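Novice: Sharing a structure, written as structure tokens. Questions coming.
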Amino acid sequence: MIQETVPAHVVAAFQGEVGLPEPAGHAWDNGWRVGSVVYSRASGVAAGWSAKLRGTLQIDGVRLARPVRSTDGRFVVAGWKASTWIDGDLSRRVDETVLVALRLADALAEQPAPPEPEQADLFVLADHRAWEETSPEYRPVAGPMQVGHADLLTCTLYHGSQAPAVTDLVPFSVPRPRGYTAALVIVDGLIAGAVDDGILDRFRHLPDLDQLLLRAVSYRRHVNDLHPRSSSNARAHIRRVEDLLVSRLADTI
């Protein structure tokens, strides 16, 4: 399937530079870079929420791609959003991205949640199913609830000695415990084989981490079950991580 290129009238609406669009990569929602701006398809009501928040949010030690407004002040034009380009690449630096998650949690602690989507998608459904599971290994998680990032590992760029950069904010469907963003980063790194199992010990000091990890891997399992392009190979990696987490939890009881 040929991916749709950003239309010229969208670039013009954001007062963008004239040039040949170049693929920006997965970290930018597979959007298109034209000069110093990346144009990506805007998904749901969270796109405007993310853009507005990225315009002012400050994260200690982390860069954030700022939104670009159209000539009439909009963040979304014909289903497209625009963000300032930041040099960098996705990396297997999972431990560092967990630290980004914790700093992001501090920055988002008092921020309001995005508006509810007009129609629940598979990610919302997967999130609800993950947190509704009642197997014996699950127990309630205490602590404050807050908005967080549901896909931080694939939105964090690294470039030499510069501070890591986050390209977008992909919110939870509803507020979750503070450490859940970090737990998702750990689980995603383990599923991808991008980090060793020792990361579980390196961050075991985080409150309720074992329970947050179980919910995170359950979320990825439900996403895989619901996604039309899911694969048995991905399911096997998710099951491997889930078995690891359940086994470690059983050893501590």
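Novice: Calculate, in nm to one decimal, what residue 243 and residue 194 gain on full extension: separation in residues at 0.36 nm each, minus their alpha carbon distance.
Specialist: Working: separation 49, 0.36 × 49 = 17.64 nm, distance 1.76 nm.
Length gained between residue 243 and residue 194: 15.9 nm.
Novice: Further, regarding this structure: Any chance you could run the full-extension gain for residue 107 through residue 204? It's 0.36 nm times the residue separation minus the Cα-Cα distance, nm to one decimal.
Specialist: Details: separation 97, 0.36 × 97 = 34.92 nm, distance 2.20 nm.
Between residue 107 and residue 204, full extension yields an extra 32.7 nm.
Novice: Something else now. Take residue 17, project a point 7 Å from its Cα along the Cβ direction, then tell me which residues of the range 51-67 have their backbone nitrogen under 18 Å from it.
Specialist: Within reach of a label on residue 17, which here means backbone N under 18 Å from a point 7 Å along Cα→Cβ, the range 51-67 contributes 65-67.
Novice: Would you mind putting 159-168, 92-101 in packing order, based on average other-beta-carbon counts within 10 Å, highest first?
Specialist: Working: 159-168: 17.0, 92-101: 20.3.
For the peptides 159-168, 92-101, the packing ranking is 92-101, 159-168.
Novice: At 1.4 Å probe size, with every protein chain present, just tell me what the per residue accessible area of the range 131-191 comes to in Å². Write down the numbers at each step before the final one.
Specialist: Values: 2250 Å² over 61 residues.
Ligands and nucleic acids excluded, the figure is 37 Å² per residue.
Novice: Still on this structure, I have one more. Kirkwood-based Rg over Rh for the range 83-202 (C-alpha set), two decimals? Can you show the working numbers first?
Specialist: Numbers: Rg = 15.0 Å, Rh = 15.5 Å.
Result: Rg/Rh = 0.97.
Novice: Under Stokes-Einstein, with the Kirkwood radius over Cα pairs standing in for Rh, what whole-number D in µm²/s applies to the range 138-186 at 37 °C and 0.692 mPa s? Before the final figure, lay out each step's value.
Specialist: Values: Rh = 12.1 Å.
Result for D is 272 µm²/s.
Novice: Let me ask something additional. How high is the relative contact order of the chain? Use alpha-carbon pairs under 8 Å, at least six apart in sequence, and give a whole percent.
Specialist: Relative contact order here is 19 percent.
Novice: Under 8 Å for C-alpha pairs, at least 6 residues apart: give me the relative contact order for the range 1-87, rounded to a whole percent.
Specialist: Values: 131 pairs, mean separation 24.8, N = 87.
The value is 28 percent.
Novice: What distance in nm separates the two pseudo spin-label positions at residue 235 and residue 124, each 7 Å out from Cα along the beta-carbon direction?
Specialist: 2.6
Novice: Still on this structure, I have one more. Show me the three semi-axes of the equivalent ellipsoid for the range 31-119, from the C-alpha gyration tensor (sqrt of 5 times each eigenvalue), largest first, rounded to whole Å. Walk me through the numbers on the way to the answer.
Specialist: Details: eigenvalues 105, 66, 31 Å².
So the three semi-axes of the range 31-119 are 23, 18, 12 Å.
Novice: What angle do you read, to the nearest 10 degrees and between 0 and 90, between the alpha-carbon axis of helix 94-108 and the longest principal axis of the chain?
Specialist: Rounded to the nearest ten degrees, it is 70.
Novice: Let me ask you something else. Seen from all sides and averaged, what is the projected area of the convex hull of the Cα atoms in the chain, in nm²? Spell out each step's value before the answer.
Specialist: On the way: hull surface 56.6 nm².
In nm², the orientation-averaged hull projection of the chain is 14.1.
Novice: Ok, one more. Give me the percent of the accessible area of the range 121-188 that comes from carbon and sulfur atoms, probe 1.4 Å, all protein chains in place.
Specialist: About 60 percent, which is the carbon plus sulfur part of the accessible surface.
Novice: Using the Kirkwood radius over C-alpha pairs as Rh, can you work out the diffusion coefficient of the range 131-253 via Stokes-Einstein at 25 °C, viscosity 0.890 mPa s, in µm² per second? Intermediate values should be presented prior to the final figure.
Specialist: On the way: Rh = 15.3 Å.
Calculated translational D: 160 µm²/s.
Novice: Would you mind working out the accessible area per residue for the range 69-119, using a 1.4 Å probe, and quoting it in Å²?
Specialist: Values: 2890 Å² over 51 residues.
I get 57 Å² per residue for this part.
Novice: Under the 0.36 nm per residue contour assumption, what length would be gained going from the current alpha-carbon distance of residue 138 and residue 162 to full extension? Don't skip to the end; give the middle numbers.
Specialist: Details: separation 24, 0.36 × 24 = 8.64 nm, distance 3.93 nm.
The span from residue 138 to residue 162 would gain 4.7 nm if fully extended.
Novice: GNM on the chain, C-alpha springs below 10 Å: top fluctuator among 66, 139, 229?
Specialist: Residue with maximal mean-square fluctuation among 66, 139, 229: 229.
Novice: What does the accessible area per residue of the range 5-53 come to in Å², with a 1.4 Å probe and no ligands, DNA or RNA counted? Each step should come with its number before you reach the end.
Specialist: On the way: 2430 Å² over 49 residues.
Heavy-atom accessible area per residue stands at 50 Å².
The values are calculated or read from the model by the stated rules, or taken from the named source; none is laboratory data. All figures in this text were calculated on a predicted structure; none of them were measured in a lab. Cβ atoms come from the backbone with ideal geometry, glycine included; neighbour counts cover every protein chain shown. Accessible surface is based on the protein model in full, side chains and every heavy atom, while ligands, DNA and RNA are left aside. Shrake-Rupley method; radii C 1.70, N 1.55, O 1.52, S 1.80 Å.
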